[in-house]
Amino acid sequence: MYVLIGGAGMMGLRLAQNLLEMGHTVAIIDTDFLACQYAREKVGVMAFEGSAVSTAVLLEAGIRKADAVAATLGSDALNLAMVTLSKHYGVPHIVVRMNERDFFEPYRIAGANHVISTIDLAVTTMANAIEYPQVESMMHFEQGQVEVLKLPVPGDCYIAGRTVAHVAQDPNFPTGSLLIGYQCHSCADLIIPNGSTILEAGSTILVVTKPDLVHKMIDFMGICTSRLPTLEVDHQAL
């Protein structure tokens, strides 16, 4: 795909790098000459110097042939203008970074397919890390109605050594939850488990559940914060 990114800030540059590694063709637009130079020389993507809300610059960057646009500019007003212009030029997939919640509906009206609040994501991630230290990561779907948890399987937890079928049939297993992924160790590929898959100690699982069942799931597995590995600091080396 040809992806056009508005803004060569930290988010824009990292997004460009990731997309490039995925095999996409990427171009970035920014008013800063040095940022564009960095994008070309260090990241390895095309860069166009100018305003990402200038029709002349957008046309020069090939917006008519873009398969996707990502608006990561510094202000919501500029991002909204880029979304509007991208829709006008027929870009089929438009993603925008939102700073202020008040812009969510205007972004949708303008034609954005995905509106991403980086602040909300960061706050939610940090809150979850505090509330659920046992969970390696947590993702929200359907406006927070569904949670996907990445959980470790310590050797002394309840499910270690049991099969997926045994775990799912346990009367205490949270109703409506599903075990959808299994990774036997950190370097192994993630697989979709079946009933006979044994959940080995030291492995990692992905579980789909409801928000109000997260605590119940952790309690069912028997994962305690005190059992999790901690980083030991050599104070003498400090």
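A few points about this structure:
- Stretch gain in nm, segment Leu78-Asp219, where the contour uses 0.36 nm per residue and the Cα spacing is subtracted: 46.1 nm
- Shown for Ile218, Ile119, Ile29: other C-beta atoms within 10 Å of each C-beta, ranked fewest to most, produce the order Ile119, Ile218, Ile29.
- Highest-first arrangement of 66-74, 35-43, where packing means the average Cβ count within 10 Å: 66-74, 35-43
- Bridgeable lysines around Lys87 (alpha carbons under 17 Å apart, same-chain partners fewer than 8 residues away excluded): Lys65.
- Within region 71-198, the ratio Rg/Rh, alpha carbon atoms throughout and Rh by Kirkwood, equals 1.13.
- Difference of contour (0.36 nm per residue) and Cα-Cα distance, Ala188 to Phe33: 51.5 nm
- Residue-averaged 222 nm ellipticity for the chain, from DSSP H runs of 4+ at -39500 (n - 2.57), nearest 500: -8500 deg cm²/dmol
- Over region 133-227, the hull volume per residue, using the convex hull of the C-alpha atoms, is 94 Å³.
- Distance between modelled label sites at Tyr89 and Leu121, nm, 7 Å Cα→Cβ extension: 2.4
- At R0 = 45 Å, FRET efficiency that the Cβ-Cβ distance of Met139 and Ala56 yields, to 0.05: 0.70
- Pairwise FRET efficiency - Ala201 versus Leu20, Cβ, R0 = 35 Å, nearest 0.05: 0.35
- Neighbour counts of C-beta atoms inside 10 Å place Cys184, Cys157 in the sequence Cys184, Cys157, starting with the fewest.
- Once the Cα-Cα distance is subtracted from the 0.36 nm per residue extended length, the Gln169 to Glu105 segment shows a gain of 18.7 nm.
- For region 2-121, the mean projected area of the C-alpha convex hull, equal to one quarter of the hull surface, is 6.5 nm².
Read-outs: derived from the displayed coordinates by stated rules, not from any lab. Just so you know, these numbers come straight off a predicted model, no measurement behind them. FYI the Cβ positions are ideal-geometry reconstructions off the backbone, even for glycines, and counts take in every protein chain you see.
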